[in-house]
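What follows is a set of notes on a single structure, which appears directly below.
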Amino acid sequence: MQAFGFLSFGHYGNGAGVHGVDARQMLHDSIDISVGADELGVNGAYFRVHHFATQAASPMPLLSAVAARTQRIEVGTGVIDMRYENPLTLAEEAAALDLIADGRVALGVSRGSPEPAERGWETFGYTGSKDPRGADIARAKFDLFLRAVRGERLAPADPQQYGPGQLLRVEPHSPDLIDHIWWGAGSRESAENVGRMGVNLMSSTLLTEATGASFGDLQAEQIARYRAAYAEAGHTGTPRVSVSRSVFPIVTGEDRLMFGMRPGEGGDQIGIIDGFRSTFGRTYAGEPDQIVAELQADAAVQAADTLMLTIPSQLGVDLNLHILENFAQHVAPALGWKPNTEGPVVGRPLTAPSQA
């Protein structure tokens with residue numbers, strides 16, 4: 001690990017809201033948390049995207065506002081659900097965001113996680129999926145999105161303006177945006193596909209497999225397979241990898257009251273998601289030295305360049321900045337953290353196809 005950021009689900013409620021937080025307050029709090037995190041040296045501000053739910057959605061306005069109010073922190077998503085997106089509109093918006101943010105973008109996309117609405121993407125007007133989970137249209141849309149992001153000319157031009165046989169690309173175009181695209185993977189097979197595509201890997205907050213191995217070990221194998229597939233496909237970049245964890249350093253008595261866990265809590269959890277037996281990651285809560293040792297023993301945290309800390313955003317700006325400050329001061333330096341003042345995060349160079 002060389003960098004860390006926060007991952008916000010953007011929970012809010014209707015009326016009085018969750019802890020008094022409505023959608024307006026959630027959005028303003030998200031901006032304020034990002035500004036404070038930027039000042040702390042935190043490397044990234046990332047937001048989940050969910051539809052038909054009282055959670056963050058339609059991320060581009062929020063990310064643009066965060067980018068305009070901050071100087072160094074990376075802004076991104078974890079993840080945009082491609083089933084609900086027009087890929088060319090998303091390419092336009094992502095390029096504009098990348099230009100506004102001067103390249104400080106980490107745009108995570110994927111098929112998406114289970115949503116409250118049954119086949120909700122069809123309500124958005126995207127029909128034709130033969131997969132009950134919509135994976136087929138998500139991948140087709142992502143392929144078109146990547147073509148647009150790479151600057152491929154896709155639309156026939158008006159021959160009266162441009163002459164016959166001309167094609168137009170999506171505008172605006174950000175030449176470096178392709179390096180800032182991530183795919184969220186929930187299995188070892190999907191991670192290998194990400195490597196073959198040549199984009200960055202955002203390992204999911206849950207894995208749609210349960211082999212008996214720990215969550216961290218499953219993710220570490222996922223990362224190793226991703227990097228091997230990336231190299232074997234002939235890509236020559238320095239791909240980035242992120243994992244997410246719930247981490248609460250206990251520094252004060254108030255921290256212990258808020259985040260202390262009872263004996264037996266904090267282990268990996270097994271459940272059924274989308275019909276798959278799945279593994280959910282554990283929560284780390286304890287004194288800084290204990291958390292440092294546990295994260296040093298977490299194979300996936302050690303293999304990734306970026307750790308995303310899931311935060312209870314609905315509890316307000318001050319508490320969340322306190323959590324991030326505790327991690328920055330008492331945990332992250334022992335894990336190899338480089339604050340955002342030292343420049344943008346870079347991936348690890350791959351020297352051989354067999355490298356893990």
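With the convex hull drawn over the C-alpha atoms of segment 62-160, the volume per residue is 131 Å³. Each residue of segment 144-150 is assigned a 3J(HN,Hα), and the resulting list reads 5, 4, 5, 4, 5, 4, 6 Hz, derived from the Karplus form 6.51 cos²θ - 1.76 cosθ + 1.60 (θ = phi - 60°), x at Gly and Pro.
Rg and Dmax over the alpha-carbon atoms of the chain stand at 20.2, 74 Å. Apolar share of the accessible surface for segment 130-233: 47 percent from carbon plus sulfur atoms, 1.4 Å probe. Amide H contacts under 5 Å for Ala106: Val75, Gly76, Thr77, restricted to partners 5 or more places along the chain or on a different chain, H placed in the peptide plane at 1.01 Å from N. Using θ = phi - 60° in the Karplus curve 6.51 cos²θ - 1.76 cosθ + 1.60, the 3J(HN,Hα) couplings for segment 192-197 round to 5, 4, 4, x, 5, 6 Hz; x is entered for Gly and Pro.
A simple rule links phi to the HN-Hα coupling: the Karplus curve 6.51 cos²θ - 1.76 cosθ + 1.60 with θ = phi - 60°, which for segment 295-300 gives 6, 5, 8, 8, 4, 6 Hz, with x for Gly and Pro. Looking at the square roots a ≥ b ≥ c of the eigenvalues of the Cα gyration tensor of segment 118-241, which shape do they give, rounded for a/c under 1.5, prolate if a/b is larger than b/c, or oblate? Because a/c hits 1.5 or more and a/b fails to exceed b/c, segment 118-241 counts as oblate.
Here's how it looks for Ile250: its modeled amide H is under 5 Å from those of Gly286, Glu287, which are all 5 or more places away or on a different chain. Where does the charge balance sit around Asp305 when Lys and Arg score +1, Asp and Glu -1, over other residues with C-beta under 9 Å from its C-beta? Spelling it out: positives minus negatives among the neighbours equals +2.
Run lengths n ≥ 4 of DSSP H only: what is the helix-derived mean residue ellipticity at 222 nm for the chain, with -39500 (n - 2.57) per run over all residues, to the nearest 500?
-11000 deg cm²/dmol
Looking at the chain alone, DSSP beta bridges between its own residues are antiparallel in about 20 percent of cases. A cut-off of 5 Å between modelled amide H atoms, ignoring neighbours fewer than 5 places along the same chain, links Ala185 with Met202, Ser203, Ser204.
The values are calculated or read from the model by the stated rules, or taken from the named source; none is laboratory data. Please read all numbers here as calculations on a predicted model, not as lab measurements. Virtual Cβ from ideal backbone geometry, glycine too; neighbours counted across all protein chains shown. Note: areas computed on protein heavy atoms with side chains; ligands, DNA, RNA excluded. Shrake-Rupley method; radii C 1.70, N 1.55, O 1.52, S 1.80 Å.
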